[in-house]
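Heads up: the structure comes next, in structure tokens.
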Amino acid sequence: MQRRASQCQEVEGSVRQTTLDVLLCPVCGQDKLTFQGEQTERFQYPQGMVDEIRSGQIACPDCGVTFPIEDYVLSLIDLLPDDVRHDGEYWGQYYNWYYERQGYGYFDLQQPTVPFVAYGVAEPIPFDGEERGGMHTILADHPLIRNTHRALDIGCGVGWTTLYLARQGFDMVGLDPALQSVKLAKRYALQKQVPVDYIAGGLGYVRFRLASFDTVFGFHFRFVVLDGLADMIYLKNDRSIESLRHASDVVGVLNNVLKRSFPEAVEYVTVVGQKQRSLPAVPQPGLDAVYSKYGALFEHPTSEPRRHPRAQPTPWWKLPSKAWRMLCYEGLVPLLAEFQSYLRWKRAGGR
Ligand SMILES: [Zn+2]
């Protein structure tokens, strides 16, 4: 990566500037945060040059609080309760252990999964080099999300979802209480030349400006036991690739059975909130009633919703197999709903 030190006062297009665009003072709620003593460094991204603030602090002139910026990450962790901070320290150390050994599987879906070191397996599961999109792809491709632009990833950890969406063209901010985790995530994103903004802090201990984000989500694994199941079967069967493939298929079926069996529960992705100009193009029972009561809140202040530039829906040649899978695992009604939402998206100018 090309980089040079700079002391620019004009921070144009800076990822850090984005932070002040979205943040209010987390203590008094005033909209007067400024940078102090910032040291900037210029980075070359595919999108252009960006001045990143490596160190310094943000300050609120109204209530006098300051919060540090270290290693390109704003830290609000002083506001967190002790138990949350300690939990964050644990996860920071956990991921740092992998980072130091170039185990980047948790950082980047384009990297192989990391080995189950805690269980005495010191080698990674075979990796075919394809990005492990999975549920992350479903998130990016979801009709509610694919046309949005600025998104907040709550509990981003070391950033695999944040990085994935940023590569897809979303303008990403990642938030996590583990300071060391987000510092590692930021360092990794800089290495990979992906512009992402990370904040160390916790939900409930940070204040965002109204309508800062088009989409806010927390990405979590509900049936986490299934996550490593195929890998375990691979190891049990003398590291047979056939076993791994077969077990992965079985895990896919099991996952869908669980989803079908517990339809009331949200699986994997929780969309916490979203700013939209019009009603979502997917069926959501009860939303009409909410809209008639609170519809004005959904109105976007600008005339046109922003469309994120590189939304990539499933390519047309993959659609028949996708439709077939949906039909097998989820049935005709969800498939038709998906098709209907696709047509609406297309009619609204989706490409
Ligand atoms: Zn303040």
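Return the pairs, sorted by first residue and then second, in which the second residue is of a type in the set (D, E) and assigned to a strand (DSSP E or B), the first residue lies in region 196-208 and is touching a residue at least 40 places away in the same chain (Cβ under 8 Å), the beta carbons are less than 7 Å apart, and the residues are 6+ apart or on different chains.
From region 196-208, the pairs are A200/D176.
What residue, among those in region 127-147 that are in contact with a Pro (Cβ under 8 Å, 6 or more places away or on another chain) and part of a loop (DSSP other than H, G, I, E, B), is surrounded by the fewest Cβ atoms within 10 Å (Cβ to Cβ)?
F127
Just to verify a result, which residue in region 63-75, among those that are crowded, with 20+ Cβ neighbours inside 10 Å and among the aliphatic types (A, V, I, L, M), is farthest from the ligand (Cβ to nearest atom)?
Per the stated criteria, the residue is V73.
Name the residue, out of R16, R4, that is crowded, with 16+ Cβ neighbours inside 10 Å, among the charged types (D, E, K, R) and modelled with pLDDT under 90.
The unique qualifying residue is R16.
Of all residues being surrounded by 13 or more Cβ atoms within 10 Å (Cβ to Cβ) and of a type in the set (V, I, T) in region 21-62, which is farthest from the ligand (Cβ to nearest atom)? Just the residue, please.
Step by step, filter region 21-62, then rank; the result is V50.
The values are calculated or read from the model by the stated rules, or taken from the named source; none is laboratory data. Keep in mind it's a predicted model, so treat the numbers as computed, not measured. Please note: Cβ atoms are built from the backbone with ideal geometry, for glycine as well, and neighbour counts cover all protein chains shown.
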